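Here's the structure we're looking at; comments come further down.
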Amino acid sequence: MYFGACYYPEQWPEERWETDARLMQQARFNAVRMAEFAWTRLEPSEGQYDLSWLDRAIDLMDRYGIRTILGTPTAGPPKWLMDLHPDIYQQDIYGRRKGFGARRHYCFNNSTFHTYTKRIVTQMAERYGSDSRVIGWQIDNEFGMIDTARCYCDSCLNAFKAWLQQKYGTIDAVNEAWGTIFSSQTFRSWDEVHLPAYAVHQHHNPGLALDFRRFSSDSVCAYQKLQIDIIRANAIKSQPITHNEMGKYNHIDFYELSKELDLSSLDIYPNMKSEPKDRPSYAAEQHDMTRGFKGGRNYWVLEHQSGAPGALTMAPTPVPGEIRRWTYQSVARGADAIVYFRWRTLPYSIEELWHGILQHHGDPGRKYEEVKRIGQELEKLAPLLTGTTVKPKVALIRSYDNDWAFELQPHMQGYEYIKHIEAYYAYFYERGIPVDILSPEADFTKYSLLITPNLMMAKESTVTALHRYVANGGCWVADFRTGAKEWNNQMTQKRLPGPYRELLGIDVEDYGVIEAHEEIGIHDLSTGATYRSSQWYESIELLPLGSPAQPMAVYTSGYYKDTPAVTRRAFQKGHAFYIGTVLEKQGLYAILDQIVDEAGVTSLIPNLPAGVEAVARVDADGGGREVLFLINHTAVEAVVSLSDSWSDALSDQQLKGPLVLNPQDVKVLHQPKTIPMLFG
């Protein structure tokens, strides 16, 4: 377990460094992240490199038992470079070139910038690639953030044409895929291809717009690989390569970005969420997404909130106990490194309101004491957690391609693909049922229950895998618009739900939007309850098959009254479920309760109190070890019922029966029988 903070020695007087290192050592730090914004200090002018200050910082930290994670500094190209080559700047959809003053101002496809990137990364890789004090590499910083994943300059136009040529082969194939015959948009040659920049109403051909998003994501991946290749050629095996991903956002396909990385990483700021009651779920979902980028593997947190974030205005300051609670949420969900952002709050520039562990004055305070306590606890827990991971029995599929398609054409007013996924995720979070969030191309055969929200388009391999999954005994939940589009973003000409029609045993006879003033309900045939339906409906007919689908709920109004709204079909060894509308929370939870029971999935803690989070880490190799985290995210006392005997890993007390969790409290429990295996 790595534990530390982001530290920027170039931003502080060198005579202060040792004071910081000593305080870090007292807090049980064993890692710092450095250098990802230091290009101008590493290369003050073209070709004049100075890494001596970084040598001294790494050496000092090592003397205090602290290793270094190095970031390549390419997120902030220096002013001298941008002045020499202004063509490196990104260009927006209006044809305006962006300027200097923040960061991430470069074009991913600019060949000149590639040259300078290779030079600075090579300098760092050759210097530190064999240095055992360096324990890992972070490529760049937060790819795609602040609207920087998509550029509309000539470099990108030329690269986009090359990308299309490789994908489609001929311009005629592009015309066919995009349906450019509409409104005389047909291209006669590659020279006529354009980017989806400023146009009338900003409504571009959906095929063009989706392919541009895919291309832009691929451009980021290619730029990252340029750096990875240099580091891999110089680095020892004990230096994994990662990137601090922000996968909750859809600027990039983070599944693709993660393929070349040794491990995924996350930047997490729970208090950035506006609704306090949703903050724990919001953060938990980002952890589970990050774990899923590499198919369910543990990850690092390279920026972990330790103070009030803010550039122009501040988010709430963490109250006492909150940093500890967030940290344990991260560890519980698979984080093997916690690196707080930042060590000390900067007194100048755009992050002077982005608070860290120490305030501007640099003296230890209550946040430092809380972090120090966490460090002592994690030092004790490290042997217990080594070799453990999260192993859910439920997988939730999040597709960036479908996210982009719904972003371009939401279908319904106010509809957001990611919020639809969050509705499902909230159910499992509140029920205390662990979830992996995976790519549609991941291996989901090990899961008992699979949810694919709004899988409007999918590759043929995914379609085949879903059929095989259900046939072999899996429970699959699909919902409205499933199978409605082809991979090129054209509407399918098959009867809906397209390639899943016989698997689900239904026809979607008709569909449409539910206006805000309409009162449309569904009647749950199992419980007899009625719930509200909104935004979208699908009128479903059951196919006359040997094993027919059965209605689980029917509409109570509309011209489609009494027709199925939710269906269930037994298919070979498994079951396929379909939800044809947007259900209110109570209705969705009632339906999912029935499906979860059918799949044989259970909560870690039955009847989990509201606001209490339960997560377990278990042996990655299938051993019997289980570490159970109970986290009270509320300001009131909560009582959790334990059915077995547990040992409190922090106090070494034996526990059974009702367990009282104080406000903001955390318990880390394990079965007493696991102690000999760990320490014997």
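The values are calculated or read from the model by the stated rules, or taken from the named source; none is laboratory data. Quantities reported herein were computed from a predicted structural model and do not represent experimental measurements. Neighbour counts are summed over all protein chains in view; Cβ atoms, including those assigned to glycine, are modelled from backbone coordinates with ideal geometry.
Looking only at residues of segment 348-370 that are touching a strand residue (DSSP E or B) at 6+ places or on another chain (Cβ under 7 Å) and of a type in the set (A, V, I, L, M, F, W, C), we find that the one that is surrounded by the fewest Cβ atoms within 10 Å (Cβ to Cβ) is 353. Restricting 317, 327 to those that are among the polar types (S, T, N, Q) and over 17 Å from residue 27 (Cα atoms) reduces the list to 317.
Inspection of segment 158-168 identifies no residue that is at pLDDT 95 or above and in a loop (DSSP other than H, G, I, E, B). For segment 364-374, state whether one or more residues are more than 27 Å from the chain's Cα centre (by Cα), aromatic (Phe, Trp, Tyr) and modelled with pLDDT of 95 or more. Scanning segment 364-374, I find at least one residue that is more than 27 Å from the chain's Cα centre (by Cα), aromatic (Phe, Trp, Tyr) and modelled with pLDDT of 95 or more, so the answer is yes. Exactly one residue out of 36, 14, 46 is buried (at least 16 other Cβ atoms within 10 Å of the Cβ) and at pLDDT 95 or above: that is 36. Taking the criterion of being over 17 Å from residue 380 (Cβ atoms) and either out of contact with any strand residue (DSSP E or B) (no Cβ under 7 Å at 6 or more places or on another chain) or not aliphatic (A, V, I, L, M) (or both), the residues of segment 638-653 that qualify are 641, 643, 644, 645.
Which one is surrounded by the fewest Cβ atoms within 10 Å (Cβ to Cβ), of the residues in segment 624-649 that are closer than 19 Å to residue 336 by Cα and within 29 Å of the chain's Cα centre (by Cα)? Lay out the reasoning, then the answer.
Keep residues of segment 624-649 that are closer than 19 Å to residue 336 by Cα, which gives 625-631, 649.
Next, from what is left, pick out any that are within 29 Å of the chain's Cα centre (by Cα): 625-631.
Working: 625: 22, 626: 18, 627: 21, 628: 22, 629: 20, 630: 26, 631: 25.
Among residues in segment 624-649 that are closer than 19 Å to residue 336 by Cα and within 29 Å of the chain's Cα centre (by Cα), the one surrounded by the fewest Cβ atoms within 10 Å (Cβ to Cβ) is 626.
If you go through segment 141-157 and pick out every residue that is among the polar types (S, T, N, Q) and in a loop (DSSP other than H, G, I, E, B), you end up with 2.
Applying a threshold of 9 Å to beta carbon distances and a minimum spacing of six or more residues, or different chains, the list of pairs starting in segment 403-427 at a residue that is in the same structural domain as residue 594 (by TED's automatic domain parsing) and small (Gly, Ala, Ser) and ending at one that is in a loop (DSSP other than H, G, I, E, B) and surrounded by fewer than 18 Cβ atoms within 10 Å (Cβ to Cβ) reads 414/516. Could you check segment 226-343 for helices (runs of 4 or more DSSP H) lying wholly inside it with 3 or more residues that are in contact (Cβ under 8 Å) with a residue 40 or more places away in the chain, among the acidic types (Asp, Glu) and surrounded by fewer than 17 Cβ atoms within 10 Å (Cβ to Cβ)? Filter on segment 226-343 gives an empty set. Do we have any residue at all in segment 385-393 that's at pLDDT 95 or above and hydrophobic (A, V, I, L, M, F, W, C)? Looking through segment 385-393, at least one residue is at pLDDT 95 or above and hydrophobic (A, V, I, L, M, F, W, C).
Would you be able to tell me the number of residues in segment 96-122 that are surrounded by 14 or more Cβ atoms within 10 Å (Cβ to Cβ), part of a helix (DSSP H, G or I) and of a type in the set (S, T, N, Q)? The number of residues fulfilling the criteria is 3. Of the residues screened, residue 597 is one that is more than 30 Å from residue 411 (Cβ to Cβ) and assigned to a helix (DSSP H, G or I). Taken over segment 162-184, the residue count meeting the criterion of being touching an Asp or Glu at 6+ places or on another chain (Cβ under 9 Å) and either surrounded by 19 or more Cβ atoms within 10 Å (Cβ to Cβ) or of a type in the set (A, V, I, L, M) (or both) is 6.
Scanning segment 376-393 for residues that are within 16 Å of residue 442 (Cα to Cα) and surrounded by fewer than 21 Cβ atoms within 10 Å (Cβ to Cβ), we see that the one that is nearest to the chain's Cα centre (by Cα) is 391. Which of the residues belonging to segment 532-550 are polar (S, T, N, Q) and exposed (fewer than 13 other Cβ atoms within 10 Å of the Cβ)? Within segment 532-550, 547 is the sole residue that qualifies.
For residue 592, are the conditions met, namely being farther than 27 Å from residue 409 by Cα, touching a residue at least 60 places away in the same chain (Cβ under 8 Å), surrounded by 19 or more Cβ atoms within 10 Å (Cβ to Cβ) and not β-branched (Val, Ile, Thr)? So residue 592 fits the description; yes.
If you check 187, 212, which single one turns out to be touching a residue at least 12 places away in the same chain (Cβ under 8 Å) and touching a Ser or Thr at 6+ places or on another chain (Cβ under 7 Å)? Steps first, answer last, please.
Values: 212 fails: touching a Ser or Thr at 6+ places or on another chain (Cβ under 7 Å).
Selected residue: 187, the only one of 187, 212 that is touching a residue at least 12 places away in the same chain (Cβ under 8 Å) and touching a Ser or Thr at 6+ places or on another chain (Cβ under 7 Å).
May I ask you to verify whether residue 396 is crowded, with 20+ Cβ neighbours inside 10 Å, of a type in the set (A, V, I, L, M), touching a helix residue (DSSP H, G or I) at 6+ places or on another chain (Cβ under 8 Å) and at pLDDT 95 or above? Yes, satisfied. Only one entry in 553, 565, 570 is at pLDDT 95 or above, surrounded by fewer than 17 Cβ atoms within 10 Å (Cβ to Cβ), among the aliphatic types (A, V, I, L, M) and assigned to a strand (DSSP E or B), namely 570.
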